[in-house]
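Each remark here refers to the structure printed beneath this line.
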Amino acid sequence: MSCIDPTTEEVFESPALFSAQQIAGALAGAAEAFELWRATPMAERGRLMKGVAAELRRDRDGLSRLMAKEMGKPVTAGEQEVEKCAWTCDYFAEHAAGLLKNETIATDASHSYLRYDPIGAVFAIMPWNFPLWQVFRFAAPSLMAGNVAILKHAPNVPGCAAAIEASFLRAGFPRGVFTNVVLSNEQAAEVIAHPVVRAVTLTGSGRAGKAVGAEAGRALKKVVLELGGSDPFIVLEDADVEAVARAAAGARCINAGQSCIAAKRFIVDRSIAEDFTYHMAEAMRALKVGDPLDRQTALGPLARLDLLENLADQVRRTLDAGGRLVCGGKRVARTGYFYEPTVIADVRPGMAAFEEETFGPVAAIVEAAGADDALRLANQSQYGLGASIWTKDIERAEALAARIETGCVFVNSAVKSDARLPFGGIKESGYGRELGAAGIREFVNVKTVWVK
């Protein structure tokens with residue numbers, strides 16, 4: 001197997017797929033480790049998890065450069081990702097006991113309560129776009145709950161996958177509590193069906209989610225799916241147009257636009273649409289595209305050539321259907337998979353940039369005839385991950401938030417994930433939650449105990 005550095009287009013080797021014997025050994029090791037780990041006191045789990053946080057911070061520079069090489073993330077963004085992972089490890093180390101404490105419920109029993117027990121090995125199929133964060137937002141709460149983890153990471157970030165496993169081992173976690181495996185999709189289906197695996201979590205495309213959900217369903221395994229998004233960014237007529245336009249450019253171009261919760265459809269009140277479009281285009285043009293190892297770079301390359309080609313096709317189809325190109329719109333003329341920050345105005349339902357998830361720095365501006373029309377357009381999507389509303393009228397924003405069909409709504413802020421809050425979507429964006437109290441309880445046995 002081989003991978004390609006998306007900045008230089010140089011080929012580098014990745015590990016070979018696991019053999020059947022290696023897979024069997026990993027599953028047996030996870031089963032054995034679970035019996036030890038589930039009996040490990042919560043305080044000791046927390047001490048070890050804080051050790052992982054320390055390991056991540058210690059290796060911040062190396063991990064950031066590794067992400068830059070494997071998937072093109074600018075090192076400054078990589079450093080932020082490492083810190084977010086470390087903070088999340090600290091958070092669940094400190095709060096898991098409270099989030100999972102027994103819950104007394106008054107009944108006709110002398111004493112009745114719920115307890116939250118671990119279920120076993122959780123198989124995690126993770127993507128390349130946030131190669132550390134996607135893993136740790138699952139692993140930190142799941143391991144603190146007493147489960148063990150088996151990771152199948154994306155094939156283009158093998159070094160990140162190995163580095164994550166190494167951070168757990170260096171911190172003192174027993175071998176088998178967190179295991180990295182290198183698998184094909186066919187091998188992954190076999191692992192899902194294996195009796196050692198008790199649940200599955202996937203972050204990825206809708207196509208992958210449906211395939212994994214079907215495999216898990218056949219085996220009656222619990223599954224959490226965090227899939228794609230085409231998040232609406234609603235700008236009402238009273239917003240500070242220039243300031244919000246700058247925020248919009250940042251919300252669209254996080255991780256070179258390769259984020260499920262990046263804003264993608266900018267639904268703007270018609271009365272301010274022209275002004276907003278001008279200022280957003282100016283903000284997009286000002287973003288520095290270049291080498292992710294350069295600390296001044298805001299946008300690195302897209303992670304793979306096929307992703308760049310798909311994005312270019314979506315732009316072409318949108319323009320052919322009547323969209324108006326404001327800025328960008330083509331591949332950067334240099335080595336690497338770089339695409340210009342792009343703004344397309346006059347986007348309407350039915351166009352590719354409205355209907356599909358655009359996984360790159362392409363913003364679709366959609367005009368709305370007032371707040372109710374903006375809400376209608378926001379909900380006119382197969383996706384339902386996140387949304388943001390920008391207005392000075394907080395009461396109106398919260399009323400709209402209640403009617404938006406997404407897993408989260410942010411008012412006057414870009415959508416982001418936070419260890420303290422549950423994260424996930426509805427519709428084609430998946431189901432189940434990560435993070436927060438809801439996330440740590442996804443992979444536990446909610447057990448009723450009734451005593452008389």
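The values are calculated or read from the model by the stated rules, or taken from the named source; none is laboratory data. Computed from a predicted model, the values in this text were never measured in an experiment. Methodologically, a virtual Cβ is constructed for each residue, glycine included, from the backbone with ideal geometry; neighbour enumeration extends over all protein chains shown.
Looking across Ile164, Ile125, one residue alone is more than 17 Å from Phe34 (Cα to Cα) and touching a Phe, Trp or Tyr at 6+ places or on another chain (Cβ under 9 Å). It is Ile164.
Can you tell me which residue is nearest to Arg265 (Cα to Cα) among those in region 331-360 that are touching a Phe, Trp or Tyr at 6+ places or on another chain (Cβ under 6 Å) and surrounded by 23 or more Cβ atoms within 10 Å (Cβ to Cβ)? Residue satisfying both the conditions and the ranking: Val347. When Trp128, Trp87 are screened for being surrounded by fewer than 18 Cβ atoms within 10 Å (Cβ to Cβ) and under 22 Å from the mean Cα position of the chain (by Cα), only Trp87 passes. Within region 304-330, the set of residues being within 20 Å of Trp128 (Cβ to Cβ) and either of a type in the set (A, V, I, L, M) or surrounded by fewer than 20 Cβ atoms within 10 Å (Cβ to Cβ) (or both) comprises Arg304, Leu305, Asp306, Leu307, Leu308, Glu309, Asn310, Leu311, Ala312.
Taken as a whole, the condition of being in contact (Cβ under 8 Å) with a residue 40 or more places away in the chain, in contact with a helix residue (DSSP H, G or I) (Cβ under 9 Å, 6 or more places away or on another chain) and in a loop (DSSP other than H, G, I, E, B) does not apply to Gly159. Listed by position, the strands (runs of 3 or more DSSP E) inside region 309-409 whose residues that are free of Cβ contacts under 8 Å to residues at least 40 places away in the same chain number at least 2 are 324-327.
Of the numbered criteria (1) more than 25 Å from Val82 (Cβ to Cβ); (2) outside any loop (DSSP other than H, G, I, E, B), the one Ser167 fails is (1).
Output yes when any residue across region 167-178 is surrounded by 21 or more Cβ atoms within 10 Å (Cβ to Cβ), polar (S, T, N, Q) and under 20 Å from Glu35 (Cα atoms), and no when none is. Within region 167-178, not a single residue is surrounded by 21 or more Cβ atoms within 10 Å (Cβ to Cβ), polar (S, T, N, Q) and under 20 Å from Glu35 (Cα atoms).
Taking region 19-114 as the region of interest, the helices (runs of 4 or more DSSP H) fully inside it that hold 3 or more residues being within 16 Å of Arg137 (Cα to Cα) are 42-58, 75-99. One residue alone among Gly46, Gly72 is within 24 Å of Leu299 (Cα to Cα), small (Gly, Ala, Ser), in contact (Cβ under 8 Å) with a residue 24 or more places away in the chain and assigned by TED's automatic domain parsing to the domain that holds Glu442, and that residue is Gly72. Could you tell me whether any residue of region 238-251 is in contact with a Pro (Cβ under 7 Å, 6 or more places away or on another chain), buried (at least 23 other Cβ atoms within 10 Å of the Cβ), outside the structural domain of Ile440 (by TED's automatic domain parsing) and touching a residue at least 24 places away in the same chain (Cβ under 8 Å)? Within region 238-251, not a single residue is in contact with a Pro (Cβ under 7 Å, 6 or more places away or on another chain), buried (at least 23 other Cβ atoms within 10 Å of the Cβ), outside the structural domain of Ile440 (by TED's automatic domain parsing) and touching a residue at least 24 places away in the same chain (Cβ under 8 Å). Filtered by the rule that a residue be in contact with a Ser or Thr (Cβ under 8 Å, 6 or more places away or on another chain), among the β-branched types (Val, Ile, Thr) and without any contact (Cβ under 8 Å) to a residue 60 or more places away in the chain, region 252-295 gives a lone residue, Val289.
Among the residues of region 284-298, those identified as touching an Asp or Glu at 6+ places or on another chain (Cβ under 9 Å) and surrounded by 16 or more Cβ atoms within 10 Å (Cβ to Cβ) are Met284, Val289, Thr297.
Rundown of residues vs (1) closer than 20 Å to Phe338 by Cβ; (2) over 18 Å from the mean Cα position of the chain (by Cα), yes/no style:
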residue	(1), (2)
Pro6	yes, yes
Phe12	yes, yes
Arg47	no, yes
Met71	yes, no
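Residues in region 429-452 that are closer than 22 Å to Gly206 by Cα and either assigned by TED's automatic domain parsing to the domain that holds Trp390 or not charged (D, E, K, R) (or both): Ser429, Gly430, Tyr431, Gly432, Leu435, Gly439, Phe443.
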